[in-house]
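To keep things clear, I will list the structure first and then write my remarks on it.
The values are calculated or read from the model by the stated rules, or taken from the named source; none is laboratory data. As the structure is a computational prediction, the values presented were derived from the model and not from experiment. Positions of Cβ are backbone-derived with ideal geometry, glycine not excepted, and every protein chain shown enters the neighbour counts.
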Amino acid sequence: MTLLEVVLRAVAALAAFLVLPLLVGQAEHKVMAHMQGRLGPMYAGGFHGWAQLVADGVKFVQKEDIVPAAADRWVFRLAPAVALVPYLVALATLPVHPGVAAVEVPGSVLLVLAATSVGALGTLMAGWSSANKYSLIGGLRAAAQLVSYELPVVLAVASVALAGGSLSLAGLVEAWSPWWLLWQLPGAVVFLVAAVAELQRPPFDMPVADAELVMGAWTEYTGLRFAFFLLAEYAGIVVMSLLFTTLWLGGWHGPFSDALGWLWFLLKGFVVSLVVVWVRVAWPRLREDQLQRMAWLWLVPLALGQLLLTGVGVVVGW
Amino acid sequence: MTALDTAFAASAVLAVLGGLFAVTTRHVVHAALWLVVALLGVAGALLVLGAELVALVLVLVYVGAVVVLVLFALMLTRAPIGPDRAHAVGPWRAAGAALLGLATAGLLASVLVPLADGTVRRADVSTTQVAGQLFGTWVWPFELLSLLLLAALVGGLAVARGPADDDPATGVRP
């Protein structure tokens, strides 16, 4: 691999990282508005408010960057970067097209999971270092939630890795067959629910619960650092949706996948991220104990059952 | 020095520095965060050595779960912003800890440095081989260990719940 190729791959991954979350964000603005009988942003940019997020970005850049006097300065300033950068790493490993991924590594399934789990530290750092009781409670809730939902995510992904007999995302997409849609269905449901919870999106947004905790761990953040947290959330939606597409919906599989594989991959991912938005509109926020109960009494046993089913399937040779 | 050597050295320096800061800082949450740096350094070193499974599982389990749990416990109890003077150890204990650390490092160095001249071949162990060993040859010790952890978990739960009849004044039922 030449230096030029390395640079090209890195730039492509960075471009996807900067564009796709904005697309999902804009889609959320409009789709959520229409689900609630509103129009959403209509003025910025002219046509149906397409430039709303760009305008938001310009606004965030202009705002003053405030660090509270009592805050732990370094941790406070570092937290948005810790939340954001791991998603870039995760996004770069996803196979876009037959034989094409920005970074191809043997254990990419584990790499994506490890990266997203590092990103979660950003919220905890923000919650603790802000010297604000709302932030601290938000950070506490986030930690409790992450510990509970890490397990179902890993178990569900392990089931697919077992079925495909590989730890590389590209290898799993190669091994995928439409039969998995049924065979791996319980694991898919578990992953989707747990992924929304890992992203701390409604109905699992107790860590930010704006009616109780102002903005949770992000309460004290302003300007660009706050925008980075928002970008991390949308990048998280993109990564989780594309990961779901890769593992359960067959990634680039589709008609004419030799030429149009990337299109199927992106389209499927976009549909999954619309489901994530839909879930936000459709369900009210759970309570903290309901959240824990759901993780341990429903998702973990379901994921273990799926793992058993997959094991039986692999041994019998379905 | 090849690129791999450089990457290994950088990861090792990161791990050692992270570890040093983790034990010397007076900020208890900073210690947990420096531990993350040290773990990432170790994971990087393992990655360079070709053990990507171990490296990634290290990050997934230790950074993603154990450090999150540590931070949770700290936030739940007492995690002051700023240095924690109340739990500072005296100079003698600090000197003793430093001496012990240096002795261990010296012992390890005296064993490992003579092997650094290339007499030891690096073995490429694939994930499949590790899995075969773990679930074939070593399956019973592995299962026994998980049973031990399960027993510890149940024991922890039993201790946390306390005796069956709780204080009637508070009306708290376990």
Subset tally (residues that are within 15 Å of A:L20 (Cβ to Cβ) and part of a helix (DSSP H, G or I)) for segment A:91-108:
2
Only one of (1) within 14 Å of chain A (Cβ to nearest Cβ); (2) farther than 20 Å from B:A38 by Cβ does not apply to B:P91, and that is (1)
Of (1) more than 9 Å from chain A (Cβ to nearest Cβ); (2) under 26 Å from A:I137 (Cβ atoms); (3) buried (at least 16 other Cβ atoms within 10 Å of the Cβ), B:L71 fails just (1)
Looking only at residues in segment A:109-135 that are surrounded by fewer than 24 Cβ atoms within 10 Å (Cβ to Cβ) and not in a helix (DSSP H, G or I), which one is farthest from the other protein chains (Cβ to nearest Cβ)?
A:N132
Scanning segment A:203-226 residue by residue, those in contact (Cβ under 8 Å) with a residue 24 or more places away in the chain, surrounded by fewer than 22 Cβ atoms within 10 Å (Cβ to Cβ) and part of a helix (DSSP H, G or I) turn out to be A:G223, A:L224, A:F226
Looking only at segment B:71-94, and only at residues there that are charged (D, E, K, R) and at pLDDT below 80, the one that is farthest from the chain's Cα centre (by Cα)
B:R85
Out of all the residues in segment A:63-77, is one or more touching a His at 6+ places or on another chain (Cβ under 9 Å), surrounded by 17 or more Cβ atoms within 10 Å (Cβ to Cβ) and at negative phi?
yes
Verdict on A:G138 being more than 8 Å from chain B (Cβ to nearest Cβ), within 25 Å of B:A55 (Cα to Cα) and not in a strand (DSSP E or B)
no
Exactly one of B:A79, B:A32, B:A51 is within 14 Å of chain A (Cβ to nearest Cβ), surrounded by 14 or more Cβ atoms within 10 Å (Cβ to Cβ) and touching a residue at least 60 places away in the same chain (Cβ under 8 Å), and that residue is B:A51
Matching residues in segment A:141-165 - criterion: being touching an Asp or Glu at 6+ places or on another chain (Cβ under 9 Å), more than 9 Å from chain B (Cβ to nearest Cβ) and either farther than 25 Å from A:G311 by Cα or touching a residue at least 40 places away in the same chain (Cβ under 8 Å) (or both)
A:R141, A:Q145, A:Y149, A:V153
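Yes or no, residue by residue, for (1) surrounded by 17 or more Cβ atoms within 10 Å (Cβ to Cβ); (2) touching an Asp or Glu at 6+ places or on another chain (Cβ under 9 Å); (3) outside any helix (DSSP H, G or I):
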site	(1), (2), (3)
A:E233	yes, no, no
A:L247	yes, no, no
A:P255	no, no, yes
A:V275	no, no, no
A:V279	no, no, no
A:D289	no, no, no
A:Q292	no, no, no
A:W298	no, no, no
A:T310	yes, no, no
Residue that is surrounded by the fewest Cβ atoms within 10 Å (Cβ to Cβ) [pool: residues in segment B:1-29 that are within 26 Å of B:A98 (Cα to Cα) and polar (S, T, N, Q)]
B:T24
Please work out if A:S241 is assigned to a helix (DSSP H, G or I) and farther than 20 Å from A:P98 by Cα.
no
Kindly indicate whether any position in segment A:80-95 is touching a Ser or Thr at 6+ places or on another chain (Cβ under 8 Å) and more than 19 Å from A:A235 (Cα to Cα).
no
Residue satisfying condition, being loosely packed, with under 13 Cβ neighbours inside 10 Å and either touching a residue at least 12 places away in the same chain (Cβ under 8 Å) or over 22 Å from A:G223 (Cα atoms) (or both), within set A:V19, A:V7, A:V24
A:V7
